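What follows is a short report on a single structure.
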Amino acid sequence: MYIIVVGGGKVGYYLTKTLVHEGYEVLLIEKNPAKCEIYTERFGAVVMNGDGAEASTLAAAGAGRADVVISVTGHDEDNLVICQLARHRFKVKRTIARVNNPKNEELFRRLGVDVTVNPTSVILSLIEQQIPDRHFVHLLALRHAKLAVVEASVAPESSICGRTVADIRLPNETSLIAILRGSDVIIPTGQTQFLAGDEIIAITRRESEEQLRDLLVTD
């Protein structure tokens, strides 16, 4: 597998270091000549000086045979252009972009970037999972269908506690995937009863997350 990484900041540096260590064929593209000189000393001939947002640079890097292009510069506009060039000009099958401004994440998805990595969302998700009384956590966004996988805890005072799945009305296009009860994993049916302490894993449309939160969490 041939991977091109664009952007030699901390993220790009450590990503390249890891990929090289794992034995992947990788090329790091970085604008700053001084950084390139330092990285070449550390990584060898897997570093290229150039602007990854230019088609000529990507062509020289062999983007036409790349399996994945990962753009992790500090500028969202560059990351978007790089992924667009990789996909449409060089027919790269997989593009991954760092999104520095969370507001741009949906735009990246709409324009065809396969995977977006938003440090703010990642950190927020980690924080949410560490808060004991946080009853509703967004676990994962699914790009193609604009779906989200969420986790909800059933508190003793929850309105659904003691009721069955058939007794509650879920938002449209929402499905319960599993209920985690102690060490047991339950695939819910209409007769499955919600008990205090249950961890519910569900899939829903992103616009229905708030409605689902109100149903599962509201006292």
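Brief remarks on what is shown
- Cα Rg over Rh - the chain, Kirkwood: 1.11
- Most mobile of SER159, SER183, SER175 in a GNM of the chain (Cα contacts under 10 Å): SER183
- Taking the C-alpha atoms only, the angle from helix 10-21 to the longest principal axis of the chain is near 80 degrees.
- DSSP bridge pairs, the chain: antiparallel proportion in percent, nearest 5: 55
- Count of Lys pairs (Cα-Cα under 28 Å; at least 8 positions apart or interchain) in the range 2-117: 14
- When the trypsin sites (Lys or Arg not before Pro) in the range 68-99 are filtered for DSSP coil states and for at most 13 other beta-carbon atoms within 10 Å of their beta-carbon, the remaining sites are LYS91, LYS93.
- One chain, two ends: HIS75 and THR164. Fully extended at 0.36 nm per residue, the span grows by 27.2 nm beyond their Cα-Cα distance.
Computed from the coordinates by the stated procedures, all read-outs in this text should not be read as laboratory data. Every value quoted in this text rests on a predicted model; they were computed, and no experiment measured them. Every residue, glycine as well, gets a Cβ built from its backbone with ideal geometry; the counts of neighbours run over all protein chains shown.
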